[in-house]
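No value in this document is a laboratory result; all are computed from the given coordinates. If you're wondering where the values come from, they're calculated on a predicted model, not measured in any experiment. Virtual Cβ from ideal backbone geometry, glycine too; neighbours counted across all protein chains shown.
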Amino acid sequence: LHLFYQYNPKGAVWGNIVWAHSVSKDLVNWEALDHAIYPSKPFDINGCWSGSATILKNNKPVILYTGIDTQNRQVQNFAIPANLSDPYLREWIKPDNNPLVVAGDGMNSSAFRDPSTAWLGEDGHWRIVVGSKRKHRGIAFLYKSRDFMKWTKAQHPLQSKPKTGMWECPD
């Protein structure tokens, strides 16, 4: 089993966030591996924040996560295993066609994060939810994709509520 979690390798304070990675055969004993995702590309150079993992139809795992880009915008990126035959999935690649999803016009790019685990609808389209806010209204934006690479925002949010602030980790 794999556990990915946010971790600051420099101390028990917020900041310097990476995606740590541990594996276990019994959910009791865990082996820490090298960090799976860490700031290294223009689309996440200022931080790798939370997200989710999804298993695609071809049984390939993919991680969706929020990166903070060179303009300090929160953007939604993906990472894939470098070697699917490695049972520990020790190395992850962040392809250069990131980001997959950016905040559109009228959206708050500094409050646009935490992509959900993707799910496949009966219509064959993948869907994800991204948390956000507009003033004091919490919003869950819904996105749809046929191929997991090109995402389109739904015309209306999946849900929103006044006086709730930023919706963190909407799944």
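Details
- Cα→Cβ-extended label distance, 7 Å offset, between TYR88 and LYS153, nm: 4.2 nm
- The lysine pair tally for the chain, using Cα distances under 12 Å and a gap of 8 or more places or different chains, is 6.
- When Rg and Dmax are taken over the Cα atoms of the chain, they come to 16.1, 48 Å.
- Counting Lys and Arg as +1 and Asp and Glu as -1 over every other residue whose Cβ lies under 14 Å from the Cβ of SER50, the net charge comes to -3.
- Separation of the ALA12 and GLU168 label points, Cα + 7 Å toward Cβ, nm: 1.8 nm
- Distance between modelled label sites at MET107 and LYS57, nm, 7 Å Cα→Cβ extension: 2.4 nm
- Segment 1-77 and segment 93-133: distance between their alpha carbon centers, rounded to Å: 16 Å
- Expected-Rg normalisation [2.2 N^0.38 Å, Cα atoms] applied to segment 105-153: 1.21
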